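Taken together, the values in this text are just the output of simple stated rules run on the coordinates, not laboratory data. Remember, it's a predicted structure, so these values are computed and weren't measured experimentally. Cβ coordinates were reconstructed from backbone atoms using ideal geometry, including for glycine residues, and neighbour counts include every protein chain displayed.
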Amino acid sequence: MVRAASTTAAWRIGRHQHAAALHGDLRARSGLAGLGGALGADILPVQWSYPFEHLVYFLIVVAVGGLGSLRGPFLAALLIGVADTACKYWIPEFGAFLIYAATIGILLWRPMGVRSPA
């Protein structure tokens, strides 16, 4: 019974063929998430209100980047960060609004995200 529940036995009988690859991928992503949290704690201090202040930006990055890839949200985070900083510097009255307007425009153009299949 124990042998039949293992990943290698399931792979040998043809079930869950990608289980071993998914475990390694999950470990790598979890490690990168932990490393990002540890490095980002110096830049953005961890407070009780941290999720509420930045959650909208996180959701915008994922929505604009698209689900299913790492490159899409990575590129979206870079572009949104640069655009947000530039808009707040050049046009301080409308700085935060322009990010939301750009997000609406991008999602009207490509509803599944920029890097998702068309």
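Quick one: net charge around Leu75, please, counting Lys, Arg +1 and Asp, Glu -1 for every other residue with C-beta under 15 Å from its C-beta. Write down the numbers at each step before the final one.
Numbers: positive: Arg71, Arg110, Arg115; negative: Asp84.
Every neighbour counted, the sum reads +2.
In order along region 77-86, the Karplus-derived 3J(HN,Hα) couplings, from 6.51 cos²θ - 1.76 cosθ + 1.60 at θ = phi - 60°, round to 5, 5, 5, 5, x, 5, 5, 5, 5, 5 Hz, and Gly and Pro are given as x.
With q set to 0.17, 0.18, 0.19, 0.25 Å⁻¹, the log10 of I(q)/I(0) for region 25-118, from the Debye formula over equal scatterers at the Cα positions, is -0.87, -0.96, -1.04, -1.31. Amide H contacts under 5 Å for Val114: Gly65, Gly66, restricted to partners 5 or more places along the chain or on a different chain, H placed in the peptide plane at 1.01 Å from N.
Highest mean packing first, where packing is the average number of other Cβ atoms within 10 Å per residue, the peptides 43-54, 97-108 line up as 97-108, 43-54.
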